[in-house]
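This is the structure I want to talk about, given as structure tokens.
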Amino acid sequence: MLRLIKSGSGFWVLLFAATWGLSASSFAIYKALDARWIIRFPKKWELQLDGVISDFLTWLVESAGFHFFSFKDLTRGIAAVIEAPYQFFRNLLIEGFSTGFGETATQLSPSLSWIAIVVCVTLVGRFARDWKLAALVGVCFLYLAIFGRWQSAMITLSSILIAVPIGVVGGLFLGIAAYRFQWVNLALRPILDLMQTVPVFAYLVPILILFGFGPVAALVATVIYAMPPMVRVTIMALQAVPSELQEAGRMAGCTRRQIMWKVLVPAATPTLMVGVNQVIMLSLNMVIIASMIGAGGLGFDVLASLRRLDIGAGIEAGLAIVVMAIALDRASQAFSERKYQAARRGNFLQSHPLSSTMFIVSGLTLILGFFVPAVQSYPESLTITTGPFWAAAVKWVNINFFDTFEAIKVVILQWLLLPVKRFFTGIPWAWGILTMGLIGWRVDGWKLGVMAALMMAFIAANGLWAKAMVTIYLCSVSVFIATVIGIPLGIWAAEKPRAGKIILGLMDTLQTLPSFVYLIPVIMLFRVGDFSAMIAVVLYALAPAVRYAAHGLREVPEQMVEAGLMSGCTPGQILRRVKLPLATPHLLLGLNQTTMLALSMLVITALVGTRDLGQEVYIALTKANAGSGIIAGLSVAFIAIISDRIVNALADKQRKRLDL
Amino acid sequence: MKYRSVAAAALMVATPALAQESNDPIKLTLHDWSGQLITTTLMGEVLKEAGYNIEYVQADYIAQFAGLKTGDLHVAMEIWETTGREAMDEAIGTGNVVSLGETGMDAIEEWWYPAYMEERCPGLPNWEALKECAEAFSTPETAPLGRYLGGPVTWGGFDDERVEALELDFEVIHAGTDAALFAELEAAYQRTDPILLWIYSPHWAPAKYDGSFVEFPAYSAECYTDPSVGLNPDAAYDCGKPTGPIWKVSWAGLADKWPNAATAIKNFSISNDAMGAMVTDVDLNGQTVEATVAAWMAANTSTWSAWIAK
């Protein structure tokens, strides 16, 4: 018996058996012993933290202050500083410059015309790489004009143009500070974890109070959400710079500042651009939520069209976000790979052909725009819409295939969702805390064990145990299904490059397409309930499973595959015996990311009607109860952090075993 | 030129509110449903006619109270008795938000079914028919119980309690948002499948889909508070839902900064029918909110000019 526990698999089998037994019988035990505390955390032990947090926030907003100004003055000051350039971009791109308000306003200058903007972004594409990229970017922006999304898209673009530089520069400086000073690094790590895992809904209310209502609050929320990857990438990139380079810098007599800015940062630039790319993508992910608190733009279009069940308009507005993401992403990647070119000679026109074209086109269309309105703003009569097609398509699928879907749904519900739900919701809270501790201890030592147990205890002590278990159930089922679908897709993408291109492109689209767009058709076909929520989560969280699997398989060293071939492996054996084991760390990282995305999506699925922590966060938002929102948000974050640490530890172990 | 057009508009109005209190823009909040966009745009355009500067700000329905309290936002045109009462009372309690009275529209909320269900469940719209044919409304997940799709939990509504009190064999499923609610209705209506759900009015749905509200025993305040009142002597909520006004609220400083605008907003009033027609124009006939509002204003000049008359 003892030997069984000590052996690796024996421990897990026993732990699972004990948990399963307790979960199945917890209700019977409670009835037999008349001890309700077994299944419900006693009310009188609950911490009343939400009130404390709400009170603290009220204090912060209403009375906290430094000598000369209050905390709120400080945040409002920051808001004003952000607002000025944001308003400038809005004026430049869409609204035009004017003085005064409303009827008394006099226009000083119209905004850039749509033609000028399309030409400018196209030339930026050419500048970043070549005419091929230029064409791609140009077509993406033309889509916005042709499908009648121009105005909203420019509003969204203005906020992206503010959020991304703040996120990148802020992330870079935080990363540098963490690289230089160990204590900053230590202090920053838990904060970054929280920034990435606490659902945005949870801190929306305090942000609104501190930064005022409108686009600036939305910008602040976007930056909080999008900055952490930049910080992490910066730390990683600086650490990866070869020490010889630093030495060389020191030999040449550089000061510390010079080493940082003239040696380290330039050497790390290619990796830093990965961070920039992440910031862009995450900022665009926030477009929908930002529009809920006053950012307007494409996110508002999506929400409003789905609200009146105009699925086609929802899809078009959603795709507008996708094409904008594609254009910005490809352009930023091209910039990171760009080689320096020798300066051209001649006068300004000859030496700066692209910038001069931009100026000339902008100037010409500005003047022409006064006489021909179609030059200034894209004529409405030329916009097209595919709305009726989508509505008809969904209707056709709904009428013809609903019964088939229903049958599949019932089978999956009965054999997968409900048993898993019963298992998780049956676990008594005390045993759940203990189990998490044991798992953490077993995987990565007592530190992780204690942390995991404490975090679970926090959730229970705030009376959120039952909802947390529903969260874990929905999340684990979705992650399981996403992995089952995602890893084969990833393998396919890695083995067949042409199929891979299509698959990975599809994954990009799924990830940037706002989930609302497919939530509504999913509800139409599968009704409100856990099943619809699960489908939405799987669609959203599929991408990392596919991407990491494909990446991991491609990274397998060539000589390993050669060795396998030499020893007479069939292609199937090479895949199973050589490639997959070597790719395990990557697969685990993919699993980790899938879990993170699934958890972040659960908050959105609360809008479908699940009864989990996501719903708790959402209710707190709609009731403007900042305290309980933050508590529920922290609970989601804790689940994410525990799962992240466990999976990372497993990946590390595997990597050591494979000697990578 | 612009000044002149204001003056011209002012002349057409019988007694315009010429005195401008402050040139700062009055900020009106926009949410994401058409009725509210229409109400707000209508108010905004009328105030523009009176010479005010107007700014529309998109904001979440409940989260906006944070902005109204601090004066970041000034006016919210639609707070529903049924869904926003709690947040509104809390905000008014702080003294920083004041009510500007009713909009004239009455919110109706009740269980609703499509017309084709009357064949499958004879006796509707009387609620007692539901006792006999719960199974006609069931789905594989709820069978043998019928399935009733309620609004988001944050809307309240006491449907779980109502099912208990009236001993209906129904399971209450809560949609997360009203977009989800109407997505299910649209899908079921396309397939002519059974559905019973929470619908409210003024909204485009009762205009688009053919169906009726279930007739429950009439609501009374005692029915909700006193178990002994109503059909079931041991339970409260054994009756239908109350109808309730839709309120206008504003930042408390509005009346000091723009006194005449505050009066104009207080005067604003519109009927369910007029609003229903405009919502139908926007959501079902594809008109823009601006065009619909402009058409209404052209046809009802005397109505709105009375709001801004001193």
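Filter the helices (runs of 4 or more DSSP H) completely within the range B:89-199 down to those with at least 3 residues that are over 24 Å from A:Gln615 (Cα atoms). Lay out the reasoning, then the answer.
On the way: elements: B:117-120, B:129-132, B:159-165, B:178-191.
In the range B:89-199, the matching helices (runs of 4 or more DSSP H) lie at B:117-120, B:129-132, B:178-191.
Return the only residue of B:Leu149, B:Leu124 being at pLDDT below 90, under 27 Å from the mean Cα position of the chain (by Cα) and of a type outside the set (Phe, Trp, Tyr).
On the way: B:Leu149 fails: at pLDDT below 90.
Answer to the selection: B:Leu124.
Output the number of residues of the range B:187-204 satisfying the condition of being within 9 Å of another protein chain (Cβ to nearest Cβ) and over 20 Å from B:Gly146 (Cβ atoms). Reasoning before the result, please.
From the range B:187-204, those within 9 Å of another protein chain (Cβ to nearest Cβ) are B:187-188, B:190-191, B:193, B:204; that's our starting set.
Among the residues that remain, those that are also over 20 Å from B:Gly146 (Cβ atoms) are: B:190, B:204.
Matching residues across the range B:187-204 total 2.
So, one more: State yes or no: is B:Ile173 modelled with pLDDT under 90, under 24 Å from A:Leu413 (Cβ atoms), within 23 Å of the chain's Cα centre (by Cα) and of a type in the set (Val, Ile, Thr)?
Values: modelled with pLDDT under 90: yes; under 24 Å from A:Leu413 (Cβ atoms): yes; within 23 Å of the chain's Cα centre (by Cα): yes; of a type in the set (Val, Ile, Thr): yes.
So B:Ile173 passes the test.
Residues A:Asp444, A:Asp508: which one is within 24 Å of the chain's Cα centre (by Cα) and of a type in the set (D, E, K, R)? Outline the logic, then answer.
Working: A:Asp444 fails: within 24 Å of the chain's Cα centre (by Cα).
The conditions single out A:Asp508.
Among (1) touching a strand residue (DSSP E or B) at 6+ places or on another chain (Cβ under 9 Å); (2) free of Cβ contacts under 8 Å to residues at least 40 places away in the same chain, where does A:Glu562 come up short?
The failed condition is (1).
Looking at A:Val233, is it within 23 Å of the chain's Cα centre (by Cα) and either outside any helix (DSSP H, G or I) or surrounded by fewer than 24 Cβ atoms within 10 Å (Cβ to Cβ) (or both)?
On the way: within 23 Å of the chain's Cα centre (by Cα): yes; either outside any helix (DSSP H, G or I) or surrounded by fewer than 24 Cβ atoms within 10 Å (Cβ to Cβ) (or both): yes.
Yes.
I'm told A:Arg308 meets every condition in (1) within 14 Å of another protein chain (Cβ to nearest Cβ); (2) in contact (Cβ under 8 Å) with a residue 60 or more places away in the chain except one. Can you identify the failing condition by its number?
(2)
Yes/no per residue for (1) without any contact (Cβ under 8 Å) to a residue 60 or more places away in the chain; (2) among the hydrophobic types (A, V, I, L, M, F, W, C); (3) within 14 Å of another protein chain (Cβ to nearest Cβ):
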| residue | (1), (2), (3) |
| --- | --- |
| A:Gln414 | yes, no, yes |
| A:Leu418 | yes, yes, yes |
| A:Arg422 | no, no, no |
| A:Ala453 | yes, yes, no |
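Restricting to the range B:56-75, name every residue that is in a loop (DSSP other than H, G, I, E, B), out of contact with any strand residue (DSSP E or B) (no Cβ under 6 Å at 6 or more places or on another chain) and facing chain A (nearest Cβ under 7 Å).
Taking the range B:56-75 as the starting set, the residues that turn out to be in a loop (DSSP other than H, G, I, E, B) are B:59-63, B:71-74.
From what is left, the residues that are out of contact with any strand residue (DSSP E or B) (no Cβ under 6 Å at 6 or more places or on another chain) are B:60-63, B:72.
Those that are in a loop (DSSP other than H, G, I, E, B), out of contact with any strand residue (DSSP E or B) (no Cβ under 6 Å at 6 or more places or on another chain) and facing chain A (nearest Cβ under 7 Å): B:Asp60, B:Ile62, B:Ala63, B:Asp72.
OK, next. A:Met281 versus (1) among the aliphatic types (A, V, I, L, M); (2) more than 22 Å from the chain's Cα centre (by Cα); (3) more than 22 Å from A:Phe71 (Cβ to Cβ): which is the lone unmet condition?
It fails just one condition, (2).
Here's something else I'd like to know. Does the range A:92-105 include one or more residues that are in contact with a helix residue (DSSP H, G or I) (Cβ under 7 Å, 6 or more places away or on another chain), among the hydroxyl-bearing types (Ser, Thr, Tyr) and within 28 Å of A:Ala317 (Cβ to Cβ)?
Quick first cut of the range A:92-105, residues in contact with a helix residue (DSSP H, G or I) (Cβ under 7 Å, 6 or more places away or on another chain) only: A:93-94, A:97, A:102-104.
Filter again for among the hydroxyl-bearing types (Ser, Thr, Tyr), leaving A:104.
Cutting the leftovers down to within 28 Å of A:Ala317 (Cβ to Cβ) gives us none.
No, there is no match, as no residue in the range A:92-105 is in contact with a helix residue (DSSP H, G or I) (Cβ under 7 Å, 6 or more places away or on another chain), among the hydroxyl-bearing types (Ser, Thr, Tyr) and within 28 Å of A:Ala317 (Cβ to Cβ).
Can you tell which of A:Gly614, A:Gly609, A:Gly629, A:Gly633 is away from chain B (no Cβ under 14 Å) and not charged (D, E, K, R)?
On the way: A:Gly614 fails: away from chain B (no Cβ under 14 Å); A:Gly609 fails: away from chain B (no Cβ under 14 Å); A:Gly629 fails: away from chain B (no Cβ under 14 Å).
That would be A:Gly633, the only listed residue that is away from chain B (no Cβ under 14 Å) and not charged (D, E, K, R).
Just one of A:Ala134, A:Ala128 is surrounded by 18 or more Cβ atoms within 10 Å (Cβ to Cβ) and modelled with pLDDT under 85; which is it? Full working, then the answer.
On the way: A:Ala134 fails: modelled with pLDDT under 85.
Being surrounded by 18 or more Cβ atoms within 10 Å (Cβ to Cβ) and modelled with pLDDT under 85 holds for just one of A:Ala134, A:Ala128, which is A:Ala128.
Just wondering, is there one or more residues in the range B:180-197 that are in contact (Cβ under 8 Å) with a residue 40 or more places away in the chain, of a type in the set (Gly, Ala, Ser) and in contact with an Asp or Glu (Cβ under 8 Å, 6 or more places away or on another chain)?
no
List the residue pairs whose Cβ atoms are under 7 Å apart, where the first residue sits in the range B:30-55 and is more than 7 Å from chain A (Cβ to nearest Cβ) and at negative phi, the second is part of a loop (DSSP other than H, G, I, E, B) and of a type in the set (Val, Ile, Thr), and the two are 6 or more positions apart or on different chains.
So the pair list comes out as B:Glu49/B:Val13.
Just to be sure I understand, how many residues within the range A:514-573 are part of a helix (DSSP H, G or I), farther than 22 Å from A:Ala407 by Cβ, within 14 Å of chain B (Cβ to nearest Cβ) and not hydrophobic (A, V, I, L, M, F, W, C)?
Summing the residues that are part of a helix (DSSP H, G or I), farther than 22 Å from A:Ala407 by Cβ, within 14 Å of chain B (Cβ to nearest Cβ) and not hydrophobic (A, V, I, L, M, F, W, C) in the range A:514-573 gives 1.
Would you please name the residue that is surrounded by the most Cβ atoms within 10 Å (Cβ to Cβ), looking only at residues in the range B:239-265 that are among the β-branched types (Val, Ile, Thr) and not in a strand (DSSP E or B)? Before the answer, list the steps.
Restricting attention to the range B:239-265, the residues satisfying the condition of being among the β-branched types (Val, Ile, Thr) are B:243, B:246, B:249, B:263, B:265.
Going one step further and asking which of them are not in a strand (DSSP E or B), we end up with B:243, B:263, B:265.
On the way: B:Thr243: 15, B:Thr263: 16, B:Ile265: 27.
In this case the residue turns out to be B:Ile265.
Another question, then. If you take just the helices (runs of 4 or more DSSP H) that sit entirely in the range A:307-392, which of them hold at least 3 residues that are at pLDDT below 80 and closer than 21 Å to A:Ser113 by Cβ?
On the way: elements: A:311-337, A:348-351, A:353-371, A:373-376.
Because the criterion is at least 3 residues that are at pLDDT below 80 and closer than 21 Å to A:Ser113 by Cβ, the helices (runs of 4 or more DSSP H) in the range A:307-392 that meet it are A:353-371, A:373-376.
The values are calculated or read from the model by the stated rules, or taken from the named source; none is laboratory data. All values reported here derive from a predicted model rather than from experimental measurement. When we count neighbours, we look across all protein chains shown, and the Cβ atoms used for this are built from the backbone with ideal geometry, even at glycine.
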